[in-house]
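Each remark here refers to the structure printed beneath this line.
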Amino acid sequence: MYTQAMDTQGKEPEDKTLRSVEERALLQRFDANIDDGGFIEAKDWMPENYRRTLVRQISQHAHSEIVGMLPEGNWISRAPTLKRKAILLAKVQDEGGHGLYLYAAAETLGTSRDELLAALHSGKAKYSSIFNYPTLTWADVGTIGWLVDGAAIMNQVPICRCSYAPYARAMIRICREESFHQRQGFDSLLVMMQNGTEAQKAMVQDAVNRWWWPCLMMFGPPDDQSPNTAQGMRWGIKRVSNDELRQKFVDATVEQAKVLGVTLPDPDLKWNEERGHWDFGTIDWDEFWNVVNGNGPCNRERLAARVKAWEEGAWVREAALAHADKQAQRQPKAA
Ligand code: FAQ
């Protein structure tokens, strides 16, 4: 078939025909590997759309980790005790580390970090909607750990089995660290709910009221309005759909809320015996798209903070490059 295809293409430039025939064979091999639950490495052949989809998702994920440092970073200098300050510092540093592994994973697909960051700074690239909400009180920090990291883990554990191996490998370590983040948030809230004053308990409840619905939005639009889900699942990039993950998160969190002694702000939250899941109310998708499209409470502030950090860090990048040049010049020349 290979030879015949070349012959019948007549006057087509030879290498072009060859490429398309070869590509078909490569695509078949790629699809078979995916169907077998196999993994794709950076140097393996992959269809261009698979590569683009991965760059889109991994870079959005990396941007989310980096922008996600800002809401909590806001509280480092105001943490109530040395212990909480040390925990928060470690957490925010971890998020920075996650962003860096993920940028590195995206770079293995042939897009440079500078390109990825330029897309973020120009407002073209997306990052998670959740980080466009403000952190008004100390209880917001615990609530981010409990709910935002809790939602992030629910979404990210299946990505440890993503078909693109460098992304899957990065996610294993990230998920371990996110689990610690979720536990520290829950612990911080539990201390306030068990030993705190009435005002502190009310502060926790207020934070939960504000973060609950945006956390449900983190999982993305409903499956029937999610343009990327079908192909993402076909390629093994996404293993579980947006709605399924959202439901798993609700089911797990309702029980944790009982332990904490907080009320989740949804009058429609009800156990459904038939489904074996908690039913929950309608999500305000207009709010979600408004935030995704740049008009949430903190979008402009978040982007401005990232652009400022990039501009003010220019001297560090220049110094690192100058140092690397100097080191390279000092290397003894090969004979
Ligand atoms: N925010 O067709 P789908 C964290 C966009 S990390 C903004 O369903 P897909 C750690 C979506 O990009 C949190 N945009 O898309 C932390 C697409 O637009 P596009 C981030 C959203 O890719 C904790 C369009 O809507 N996690 O929290 C959002 O199949 C605490 C249509 O949507 C990840 O990125 C949203 N919430 O599914 C750090 C995990 N949802 O690109 C600091 C990896 C959807 O076509 C403190 N990503 N969109 O223009 C994923 O799993 C997926 O990309 C989804 C979206 C599930 C986010």
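The values are calculated or read from the model by the stated rules, or taken from the named source; none is laboratory data. The shown structure was predicted, so the numbers you read here are calculated from the model rather than taken from an experiment. Every residue, glycine as well, gets a Cβ built from its backbone with ideal geometry; the counts of neighbours run over all protein chains shown. Calculation scope for accessible area: heavy atoms of the full protein, side chains included, ligands and nucleic acids excluded. Shrake-Rupley method; radii C 1.70, N 1.55, O 1.52, S 1.80 Å.
Do you know which residues across segment 244-276 are open to solvent by 60 Å² or more (accessible area, probe 1.4 Å) and over 17 Å from ALA151 (Cα atoms)? Residues satisfying the conditions are LYS258, VAL259, THR263, PRO267, ASP268, LYS270, TRP271, GLU273, GLU274, ARG275. A Cβ distance below 8 Å, combined with a sequence gap of six or more or placement on separate chains, defines the contacts here; from segment 112-129, residues that are within 15 Å of ALA309 (Cα to Cα) reach residues that are open to solvent by less than 70 Å² (accessible area, probe 1.4 Å) and among the basic types (Lys, Arg) in the pairs LEU120/ARG306; HIS121/ARG306.
Test LYS16 against the criterion of being exposed (fewer than 12 other Cβ atoms within 10 Å of the Cβ) and at pLDDT 95 or above, and give yes or no. Here the answer is no, as LYS16 does not meet what is asked.
Annotation note: Cβ proximity below 9 Å between a residue of segment 162-185 that is under 18 Å from GLY150 (Cα atoms) and a residue that is outside any helix (DSSP H, G or I) and open to solvent by less than 10 Å² (accessible area, probe 1.4 Å) (sequence gap 6+ or interchain) occurs for MET171/CYS162.
The one condition from (1) open to solvent by 70 Å² or more (accessible area, probe 1.4 Å); (2) within 14 Å of the ligand (Cβ to nearest atom); (3) over 14 Å from ILE153 (Cα atoms) that THR229 does not meet is (1).
Rundown of residues vs (1) in a loop (DSSP other than H, G, I, E, B); (2) more than 30 Å from TRP213 (Cβ to Cβ), yes/no style:
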residue	(1), (2)
TRP45	yes, yes
SER59	no, no
GLU72	no, no
ILE87	no, no
ALA90	no, no
LEU100	no, yes
ALA118	no, yes
PHE131	no, no
ASP140	no, no
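Selection over segment 167-193 of residues that are under 16 Å from the mean Cα position of the chain (by Cα), of a type outside the set (Asp, Glu) and open to solvent by less than 20 Å² (accessible area, probe 1.4 Å) gives a count of 7. Against the definition (within 13 Å of the ligand (Cβ to nearest atom), under 19 Å from MET217 (Cα atoms) and assigned to a helix (DSSP H, G or I)), how does ILE159 come out, yes or no? Spelling it out, ILE159 is indeed within 13 Å of the ligand (Cβ to nearest atom), under 19 Å from MET217 (Cα atoms) and assigned to a helix (DSSP H, G or I). Annotation: LEU136 fulfils all but one of (1) part of a loop (DSSP other than H, G, I, E, B); (2) open to solvent by less than 50 Å² (accessible area, probe 1.4 Å); (3) over 30 Å from ARG24 (Cα atoms); the unmet one is (2). Remark: VAL208 falls outside the filter, which requires a residue to be assigned to a loop (DSSP other than H, G, I, E, B) and within 26 Å of LEU88 (Cβ to Cβ). Within segment 57-80, the residues that satisfy the criterion of being free of Cβ contacts under 8 Å to residues at least 60 places away in the same chain and open to solvent by 70 Å² or more (accessible area, probe 1.4 Å) are SER77, PRO80.
In this structure, does ALA125 turn out to be among the aliphatic types (A, V, I, L, M) and outside any helix (DSSP H, G or I)? Criteria met by ALA125. Among the criteria (1) within 24 Å of ILE159 (Cα to Cα); (2) surrounded by 22 or more Cβ atoms within 10 Å (Cβ to Cβ); (3) within 11 Å of the ligand (Cβ to nearest atom), the one VAL92 does not fulfil is (2).
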